[in-house]
1. Looking at the stretch 103-112, which of the residues that are more than 10 Å from Tyr87 (Cα to Cα) and either of a type in the set (Phe, Trp, Tyr) or assigned to a helix (DSSP H, G or I) (or both) is farthest from ligand 2 (Cβ to nearest atom)?
2. Please determine, by comparing only the residues of the stretch 70-84 that are touching a residue at least 12 places away in the same chain (Cβ under 8 Å) and within 10 Å of ligand 2 (Cβ to nearest atom), which one is farthest from Met113 (Cα to Cα).
3. Given the criteria among the small types (Gly, Ala, Ser) and at pLDDT 95 or above, does Gly21 qualify?
4. Condition first: of a type in the set (Lys, Arg) and either under 24 Å from Met113 (Cβ atoms) or within 13 Å of the chain's Cα centre (by Cα) (or both). Now tell me which residues in the stretch 16-44 satisfy that.
5. Looking only at residues in the stretch 20-62 that are part of a helix (DSSP H, G or I) and in contact (Cβ under 8 Å) with a residue 40 or more places away in the chain, which one is nearest to Lys78 (Cα to Cα)?
6. Quick check on my filter: what residues within the stretch 95-113 are under 12 Å from Gln20 (Cα atoms) and surrounded by fewer than 16 Cβ atoms within 10 Å (Cβ to Cβ)?
7. Given the criteria modelled with pLDDT of 95 or more and within 17 Å of Val10 (Cβ to Cβ), does Cys61 qualify?
8. Of the residues Tyr87, Tyr95, which is more than 14 Å from ligand 1 (Cβ to nearest atom) and either in a helix (DSSP H, G or I) or of a type outside the set (Gly, Ala, Ser) (or both)?
Amino acid sequence: MDEREEEPIVLRPHHLLCTQGYSGNGYSTEFVEHMNEVVERLRYGDDRIRITFSTDTLCSCCPNKTGEDQCVSQDKVKKFDGKVTEYFGIEEKEYRYREIIKEVDSKMTSDIMDDICGGCSWYPVSACKKNIIGS
Ligand code: SF4
Ligand code: SF4
């Protein structure tokens with residue numbers, strides 16, 4: 001399909017970080033297969049995204065999604081979204097993924113990342129911090 005005919009990828013704010021840290025691990029086989037496709041497109045293909053303050057395209061294949069704007073870890077993921085939104089001024093609108101993550105990463109510090117991601121079970125075992133701030 002012509003790239004320009006594709007819809008923007010819908011992402012919730014904290015997934016601007018998770019998609020950078022992602023290195024092939026996830027909640028289920030279906031989730032990982034879908035995540036692989038999305039991340040491949042964001043990193044190398046048509047990188048138009050639309051931010052939503054709700055469940056997004058990655059949530060759509062996640063076993064933890066329990067409904068529209070509902071996740072088994074609702075309080076936690078809403079906090080992640082809220083912090084990313086606040087720190088980086090993210091709005092519910094369209095962006096270019098590779099542009100916005102460049103901007104986010106340039107403002108990211110170790111303390112900010114600890115504050116956003118400290119409660120995430122992937123944080124100690126993932127490449128998130130290394131990929132985003134290089135340490
Ligand atoms: S530590 Fe968790 S919330 Fe933070 S970027 Fe990684 S997967 Fe996402
Ligand atoms: S854990 Fe929750 S926020 Fe994360 S991808 Fe799954 S449904 Fe979405």
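1. Ser106
2. Once the filter is applied, the top-ranked residue is Gln70.
3. The answer is no for Gly21.
4. Listed by number, the list holds a single entry, Arg43.
5. Here the answer is Cys59.
6. Arg98, Lys102
7. yes
8. Answer to the selection: Tyr95.
The values are calculated or read from the model by the stated rules, or taken from the named source; none is laboratory data. Every value quoted in this text rests on a predicted model; they were computed, and no experiment measured them. Neighbour counts run over all protein chains shown; Cβ positions are idealised from the backbone, glycine included.
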